[in-house]
Amino acid sequence: MSVPGAWYLGLAAMLFTIGGVGLLVRRNVLIMFMCIELMLNAVNLTFVTFARMLNDIGGQVVVFFVLVVAAAEVVVGLAIIVSIFRRRTEATADDISLLKG
Amino acid sequence: MIAQLDPINLPHVEWSLLAPELILIGGALALLMAGTFRRDRTMATASCIFTVAAALAALVASWGIWQDVGGGRGGARLAVSDAVVIDGFAIFFTVVMCIAVALGALLAHGYLRQEKLEAPTFYVLMMLSASGGVLMAKANDLILIFLGLEILSIALYVLAGYHQRRDESREAAIKYFVLGSFSSAFFLYGVALTYGATGSTNLGFIAEFLGTQTVTGGVLLGGFAFLLVGLGFKVAAVPFHMWTPDVYQGAPTPVTGFMAAAAKAAGFAALLRIFFSAFGTEQLDWKPIVWALAVLSMVVGSVLAVVQSDVKRMLAYSSISHAGYVLIGLQAANDRGIAGSLFYLLAYTFLIVGSFATVAIVSRKGDRRTGLEAYRGLARDRPGLAFAFTVFLLAQAGVPFTSGFLAKFYVISAAVEARSYAIAVIAMLASVVAAFFYLRLIVVMYMGEDQVMAGVGPETSTAGDGAEAGGGGVLTAVATRVHVPAAAALAIGLCLAFTIGAGLLPQPVIDFARHATLLRL
């Protein structure tokens, strides 16, 4: 018995939502960062599922591109986080509030 | 199994058609290498000249391709196995990106020296970022647009945090990074849903598919919505604008100028191409949403700009309202509207870089004096600079005989032609509101008490400016005249020449935008 494709799409949509909501409600910058990764991987799952449903290799190739881009984002993102929290003890977004208005 | 597979057909790559982005990427890598070998003061000037030269070389290369495409020899065409489209539209945005790099580099030179920041890396990131923008304009595939978007954005995240010693700059970087990645994820999910609904990520294929088949159901609509959210973040359209004021204010001022010009142009290149070309048959679905985005951006951008006391923040809100005007052209969804949007983006590039160039000069060492008070008496202190800034502000407000007036005129007349009378009226009302804060700044420059020349009291007047409440040491240098670096003066001069030139003799620029629109694939 195989699992229907729609279930994978539903799972991916759920993961994407968890990532999106997590990014908005969590205050720890590293966890926000993980939420972004979760969103990107939910998209990967969507691509693979559609590729399987459409019987098209293109969607699976896309995943490689997304993985590379996500890796590049991690490099830059962690560097920014390190530079901002070098002089702080906690990585909390609420402390970053010089700019507002 | 493996033996049965066909051999891989490597696509034919037309390198000459990719020359502008290859020049930018190659230049960036060469400068990166050179920067590791030599680290002295001459390197700063050399990298600036090199970057401007690379941008000009890319401009010349685009001009060659324009001759090729427009001259009837090749015509608009697809390249690199249909992943890249070489047409007037793509070349137009390549030109805009090259101009943004050249002006941004001129503007950065004095700033980097004044703030004692490392020079070559800055220019390297700028060129890489622009190459991503060029790629977005040329892409004929949603995945390529995503790659271009990320190349553009990742370099900009670093640039926003380039002034590492300033807390504001680092804060701008983290905010831009988190919200930028968030929007990229949305864009990518939109790509995935569009792929699922149409069976391809190629824009030509999608247009053909949607033209021949009726697609019903939520998947395609979801794709539209997510793509619009993702690109709406990039071009800073309301309600996806929350990051803009903070990032524009916190980032180093030359970066803000470059970011405002380049990221917005690239975002609109993708937005116009995806929605007008690929999703053109589904206009009834996306036009109302674009209408709402345009109206919200114009109104919210203008109204919130009025209450700002920080000039960088005010310009950030005004750039949000400009995004609304460019969206009018897309909402009209006719050739005149798209040509209007292109003209608007080109005019806006010069206006915004010129404006932020002035802000960079006035904010002086430390990049802190960006409050309205810092502009008091600028007209007597630096008449030329004040005059240039006045022209930029009047042009942004849409005063006749400037490029900004014609830009607004073309998008609004396109909306009238498309019978969207309501949005045309709202656009005109919003520009009246916007005129208030541009004029207020001009009044401060010309009519403010001349505290600077008298040499007394500027300290007290700036103390109310929240951003610099902590920096007591900065205030001692205030009484001296602002220093105008030669390169920045050149950039301002070029912006001024274009703003007035295109206002008085608009025909060549309009023809360029119109041809670019018609030469679309």
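Data overview
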{"item": "Rg to Rh, two decimals, where the protein assembly as shown supplies the alpha carbon set and Rh follows Kirkwood", "result": "0.96"}
{"item": "Of the GluC sites (Glu not before Pro) in the stretch B:367-454, those whose Cβ has at most 14 other Cβ within 10 Å and which sit in DSSP loop", "result": "B:Glu449"}
{"item": "B:Thr212-A:Phe64 FRET efficiency (beta carbon distance; Förster radius 51 Å; 0.05 resolution)", "result": "0.95"}
{"item": "Rg over Rh [alpha-carbon atoms, Kirkwood Rh] for the stretch B:65-117", "result": "1.27"}
{"item": "Inter-centroid distance (Cα atoms) of the stretch B:70-138 relative to the stretch B:22-47, Å", "result": "17"}
{"item": "Amide H partners (placed H, <5 Å) of B:Ala76, local residues excluded", "result": "none"}
{"item": "Extension gain from A:Met14 to A:Leu78, taking 0.36 nm per residue of separation minus the Cα-Cα distance", "result": "20.4 nm"}
{"item": "Simple label model, 7 Å out from Cα along Cβ direction - B:Arg38 to A:Arg86, nm", "result": "2.8"}
{"item": "Computed log₁₀ I(q)/I(0) - Debye formula, equal Cα scatterers, no solvent, the stretch A:29-89, q 0.13, 0.19, 0.20, 0.27 Å⁻¹", "result": "-0.44, -0.72, -0.76, -1.05"}
{"item": "Average beta carbon contacts from partner chains per residue of B:307-315, 10 Å cutoff", "result": "1"}
{"item": "Two-site FRET efficiency, B:Glu282 against B:Glu14, from Cβ-Cβ distance with R₀ of 35 Å, rounded to 0.05", "result": "0.65"}
{"item": "For A:Asn28, distant residues with modelled amide H under 5 Å away", "result": "A:Ala93"}
{"item": "3J(HN,Hα) from dihedral phi, the stretch B:37-49, Karplus parametrisation 6.51/-1.76/1.60, rounded to Hz, x for glycine, proline", "result": "8, 10, 10, 10, 6, 5, 4, 4, 5, 4, 5, 5, 4"}
{"item": "Value of [θ]222 nm, deg cm²/dmol, for chain A, DSSP H segments ≥ 4, -39500 (n - 2.57) each, nearest 500", "result": "-26000 deg cm²/dmol"}
{"item": "The stretch A:31-66 residues near the modelled B:Leu78 label - backbone nitrogen below 17 Å, point 7 Å along Cα→Cβ", "result": "A:57-59"}
{"item": "Filtered trypsin sites (Lys or Arg not before Pro), the stretch B:132-232: DSSP coil and at most 13 other beta carbons within 10 Å", "result": "B:Arg165"}
{"item": "Volume of the Cα convex hull of the stretch B:103-198, divided per residue and given in Å³", "result": "79"}
{"item": "Zone residues, the stretch B:372-386, relative to B:Arg481, backbone N less than 18 Å from point 7 Å out along Cα-to-Cβ", "result": "B:375-386"}
{"item": "Exposure proxy order (Cβ contacts within 10 Å, fewest to most) of B:Arg382, B:Arg369, A:Arg27", "result": "A:Arg27, B:Arg382, B:Arg369"}
{"item": "Derived scalar couplings ³J(HN,Hα) [the stretch B:276-290; Karplus, 6.51 cos²θ - 1.76 cosθ + 1.60; whole Hz; x for Gly, Pro]", "result": "6, 8, 6, 9, x, 6, 9, 3, 4, 7, 9, 4, x, 5, 5"}
{"item": "³J(HN,Hα) computed for each position of the stretch B:355-366 - Karplus, 6.51 cos²θ - 1.76 cosθ + 1.60, integer Hz, glycine/proline x", "result": "4, 6, 4, 5, 4, 4, 6, 5, 6, 6, 5, x"}
{"item": "Chain B: Cα Rg divided by the 2.2 N^0.38 Å rule of thumb", "result": "0.95"}
{"item": "Of the trypsin sites (Lys or Arg not before Pro) in the stretch B:26-112, those whose Cβ has at most 12 other Cβ within 10 Å and which sit in DSSP loop", "result": "B:Arg38, B:Arg39, B:Arg73"}
{"item": "Separation of alpha-carbon centers, the stretch B:495-521 and the stretch B:384-418, rounded to whole Å", "result": "13"}
{"item": "Helical contribution to [θ] at 222 nm, DSSP H n ≥ 4, -39,500 (n - 2.57), averaged over chain B, rounded to 500", "result": "-24500 deg cm²/dmol"}
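Values in this text are rule-based calculations from the coordinates and carry no lab data. What you are looking at is a predicted structure, and each value in this text was computed from that prediction instead of being measured. All Cβ positions, even for glycine, are placed from backbone atoms using ideal geometry, and neighbour counts span all protein chains on display.
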